[in-house]
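S.K.: Got a structure here, written out as structure tokens. Questions coming.
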Amino acid sequence: MARTNFDQLLQAGCHFGHLKRKWNPAMAPYIYTERNGIHIIDLHKTVAKIDEAADALKQIAKSGKKVLFVATKKQTKEVIAEKAASINMPYVIERWPGGMLTNFPTIRKAVKKMANIDKLMNDGTYGNLSKRELLQITRQRAKLEKNLGSIADLTRLPSALFVVDVLKENIAVREANRLGIPVFGIVDTNSDPNNIDFVIPANDDAKDSVEVILNACCAAIAEGIEERKAEKADEKAADAQEEEEEEAKPKRARRARKDADAPAEATAPAAEEEAPAAE
């Protein structure tokens, strides 16, 4: 069953592309027609591509890996932050930190620095600092939180990138391509889909358009997470059952030996009673 349908995408305005003069010829397979100088995206292909991307995202989540969501456009920031946070995935909605993927250890150092500032503030170490020094540290902490707070839990490279507007986030896409990280992207008619592993042709400027696509993809990720939890619970139950069976084996063996010894003990008195009768 499709995760979205033609009517949903049409109502959200996913079919509106850019002006004809701004188009990228590589997007020709996904364009249905041109109307009033604006390209119209083929939503039947969009439905199929959303399903394809959702299934792949579900498998990534099911394997316990992370998907990094990237969208720094003003109109899509809130949507990305809300949807990614709801499924406990990292996201970037401010300026993309150059080298975030290709120079990941340096980014991790900045995140650790933020954690160290929090620790030192809580234990009173900064209590003896002057107001000016404390203000500088507080500002530094706020800047780190703004840029890196949403990826504080990302301890290793993500297994996939989900990008809204691959043209604007071209640096993130190039870094992911360089490291072989698969890229899922909402691609408009002015963008190049060749560097995107899972192309979702749609309007990447409208909030409703991005939201309807994210709903389908995030729902798939949530399904993958739930299936992983269920599998872990089943494995845990199976392990517990095996342990119980292992513990029960010695008990059964002792009981079997006891039952085997019982008849011999029972026949001994009978033999003693028959002895006087023979005399």
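S.K.: Provide a single number: the residues in the stretch 178-194 that are without any contact (Cβ under 8 Å) to a residue 60 or more places away in the chain, of a type outside the set (Val, Ile, Thr) and touching a helix residue (DSSP H, G or I) at 6+ places or on another chain (Cβ under 9 Å).
M.R.: 1
S.K.: A follow-up question, please. State whether the residues of the stretch 125-132 include one that is surrounded by 13 or more Cβ atoms within 10 Å (Cβ to Cβ), assigned to a helix (DSSP H, G or I), under 26 Å from the mean Cα position of the chain (by Cα) and not β-branched (Val, Ile, Thr).
M.R.: No, there is no match, as no residue in the stretch 125-132 is surrounded by 13 or more Cβ atoms within 10 Å (Cβ to Cβ), assigned to a helix (DSSP H, G or I), under 26 Å from the mean Cα position of the chain (by Cα) and not β-branched (Val, Ile, Thr).
S.K.: Conditions: (1) more than 21 Å from residue 111 (Cα to Cα); (2) not assigned by TED's automatic domain parsing to the domain that holds residue 84. Residue 150 meets all but one. Number of the miss?
M.R.: (1)
S.K.: Here is a follow-up. Regarding the stretch 69-80, can at least one residue be identified that is acidic (Asp, Glu) and loosely packed, with under 14 Cβ neighbours inside 10 Å?
M.R.: Applying the first criterion (acidic (Asp, Glu)) to the stretch 69-80 yields 78.
Narrowing the set further to residues that are loosely packed, with under 14 Cβ neighbours inside 10 Å leaves 78.
Yes, there is a match, as at least one residue in the stretch 69-80 is acidic (Asp, Glu) and loosely packed, with under 14 Cβ neighbours inside 10 Å.
S.K.: Anything in the stretch 44-65 that is farther than 22 Å from residue 90 by Cα and buried (at least 19 other Cβ atoms within 10 Å of the Cβ)? List them, or say none.
M.R.: 46, 47, 49
S.K.: Yes or no: the stretch 180-193 includes at least one residue that is farther than 27 Å from residue 23 by Cβ and at pLDDT 90 or above. So that I can check it myself, show each step before the final result.
M.R.: From the stretch 180-193, those farther than 27 Å from residue 23 by Cβ are 180-181; that's our starting set.
Within this subset, residues satisfying the condition of being at pLDDT 90 or above are 180-181.
Looking for residues that are farther than 27 Å from residue 23 by Cβ and at pLDDT 90 or above, one finds at least one in the stretch 180-193, hence yes.
S.K.: What pairs come out if I take residues in the stretch 195-214 that are in the same structural domain as residue 73 (by TED's automatic domain parsing) and pair them with residues that are assigned to a loop (DSSP other than H, G, I, E, B) and among the hydrophobic types (A, V, I, L, M, F, W, C) whose C-beta lies under 7 Å away, six or more apart or interchain?
M.R.: 196/166; 202/14; 203/14; 209/14; 209/202; 212/14; 213/202
S.K.: Yes or no: the stretch 180-196 includes at least one residue that is of a type in the set (Gly, Ala, Ser), touching a Pro at 6+ places or on another chain (Cβ under 9 Å) and either closer than 30 Å to residue 35 by Cβ or loosely packed, with under 14 Cβ neighbours inside 10 Å (or both). Talk me through it step by step, then tell me what you get.
M.R.: As a first pass, look at the stretch 180-196 and keep what is of a type in the set (Gly, Ala, Ser): 180, 185, 191.
Pick out the ones that are also touching a Pro at 6+ places or on another chain (Cβ under 9 Å) and you get 185.
Checking which are either closer than 30 Å to residue 35 by Cβ or loosely packed, with under 14 Cβ neighbours inside 10 Å (or both) leaves us with 185.
The answer is yes, given that some residue of the stretch 180-196 is of a type in the set (Gly, Ala, Ser), touching a Pro at 6+ places or on another chain (Cβ under 9 Å) and either closer than 30 Å to residue 35 by Cβ or loosely packed, with under 14 Cβ neighbours inside 10 Å (or both).
S.K.: Quick one: is residue 138 assigned to a helix (DSSP H, G or I) and under 29 Å from residue 68 (Cα atoms)?
M.R.: So residue 138 passes the test.
S.K.: Follow-up question, since we're still on this one. Can you tell me which residue within the stretch 149-170, out of those that are over 15 Å from residue 194 (Cα atoms) and among the β-branched types (Val, Ile, Thr), is surrounded by the fewest Cβ atoms within 10 Å (Cβ to Cβ)?
M.R.: Filtering first and then ranking leaves 155.
S.K.: Looking only at the stretch 161-168, decide whether some residue is in contact (Cβ under 8 Å) with a residue 60 or more places away in the chain, under 28 Å from residue 225 (Cα atoms), acidic (Asp, Glu) and assigned to a loop (DSSP other than H, G, I, E, B). Explain how you work it out, then say what you get.
M.R.: Looking only at the stretch 161-168, we keep the residues that are in contact (Cβ under 8 Å) with a residue 60 or more places away in the chain, and these are 161-165, 168.
If we keep only those that are under 28 Å from residue 225 (Cα atoms) too, we end up with 161-165.
In the following step, the residues that additionally are acidic (Asp, Glu) were identified as 165.
Still in the running and assigned to a loop (DSSP other than H, G, I, E, B): 165.
Within the stretch 161-168, one or more residues are in contact (Cβ under 8 Å) with a residue 60 or more places away in the chain, under 28 Å from residue 225 (Cα atoms), acidic (Asp, Glu) and assigned to a loop (DSSP other than H, G, I, E, B).
The values are calculated or read from the model by the stated rules, or taken from the named source; none is laboratory data. What you are looking at is a predicted structure, and each value in this text was computed from that prediction instead of being measured. Using ideal geometry, Cβ is built from the backbone for each residue, glycine included, and neighbour counts are taken over all protein chains shown.
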